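Here the structure comes first, spelled out in structure tokens, and everything after it is commentary.
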Amino acid sequence: MIDILSLENDFEAVIFDCDGTLVHTPPIYADAWSAGFSLSGKAMNQAWYMLRAGMSEGVLMDAFEREFDIVLDRKCVIAAMRSHFLQNVHKVREVRAVAATARRLSGLLPMAVASGGSREIVTATLQATGLRTYFDHIVTIDDVVNPKPAPDLFLQAAALLGRGPAQCVVFEDSEQGLESARRAGMSAIDVNRIDFHEQQCEMKRGDSFQMNA
């Protein structure tokens, strides 16, 4: 059992995924990818993207090429997607309970963000939501060779934080992210299994909040 309200007693560092974990970006990403993929002459259905939300850029483009049997001009697609996203970054909203946990732990434990997104978008997103200041390090797909579910992102974050994998706990929302944390040898919290309303109430009361890892 992991007690979310006393992580500082059980772990020495915390690593957060970004998209879908700290911030609610999938709808904005869906529109941005739709704009990028439209350059190929093929339309991307939003539901198609939502089933793959959280995938790194290269992995998502691999899937799109397989789906439509085409070859993308990847540089142009990425440029269009990122431009569209950044024009709408002001619409990004934090996932309140997870962001509140990051704020509470700030100064108590070293923390990092480990995201399969690009540094350009991840940094802009955290700055737009006011969350950047809480993290000691930001690790993105630009910093590693292999995307999630490979453990590279989380291992790099732990190394920057100066902690071993077993000393870290990860907050994640996607199956590939949770698998990445497991492969890295880290404890993981699936934010989809957190009762956010109950957690916020218990944070106000000062009670403990537990869930299965």
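Bear in mind these aren't lab numbers, they're just calculated from the coordinates by the rules spelled out. Note that the structure is a prediction, hence the values are computed from the model and not measured. Reconstructed Cβ throughout: ideal geometry from the backbone, glycine too, with neighbour counts over all protein chains shown.
Amide H to amide H distances under 5 Å link residue 188 with 170, where only residues 5 or more positions off or on other chains count and H is placed in the peptide plane. Would you mind telling me which residue in 183, 52, 193 has the biggest mean-square fluctuation in a Gaussian network model of the chain, where springs connect alpha carbons within a distance under 10 angstrom? For the chain, modelled as a Gaussian network with Cα springs under 10 Å, the answer is 193.
When Rg and Dmax are taken over the Cα atoms of region 26-90, they come to 10.6, 34 Å. Helix 26-37 and the longest principal axis of the Cα set of the chain meet at an angle near 20°. Distant-in-sequence amide contacts of residue 16, defined by a placed amide H-H separation under 5 Å and a gap of 5 or more residues or a different chain, comprise 112, 113, 114, 171. By the count of other C-beta atoms within 10 Å, a proxy for reagent exposure, 75, 42 are ordered fewest to most as 75, 42. Across region 68-82, coupling constants 3J(HN,Hα) worked out from phi with the 6.51/-1.76/1.60 Karplus curve, θ = phi - 60°, read 10, 6, 10, 10, 7, 7, 4, 4, 5, 4, 5, 4, 5, 4, 5 Hz, and Gly and Pro carry x.
Computed from Cα atoms, the angle from the helix 96-105 axis to the main principal axis of the chain rounds to 50 degrees. Matching the structure-derived semi-axes √(5λ) of the Cα gyration tensor in Å against the labelled list (i) 48, 17, 15; (ii) 37, 25, 16; (iii) 31, 18, 15 gives the label (iii). Report, in degrees rounded to the nearest 10, the 0 to 90 angle that the Cα long axis of helix 152-161 makes with the longest principal axis of the chain. Taking the Cα atoms of the chain, the angle to 152-161 is about 40 degrees. Between residue 117 and 141, the built amide H atoms are under 5 Å apart, and every one of these is 5 or more places off in sequence or on another chain.
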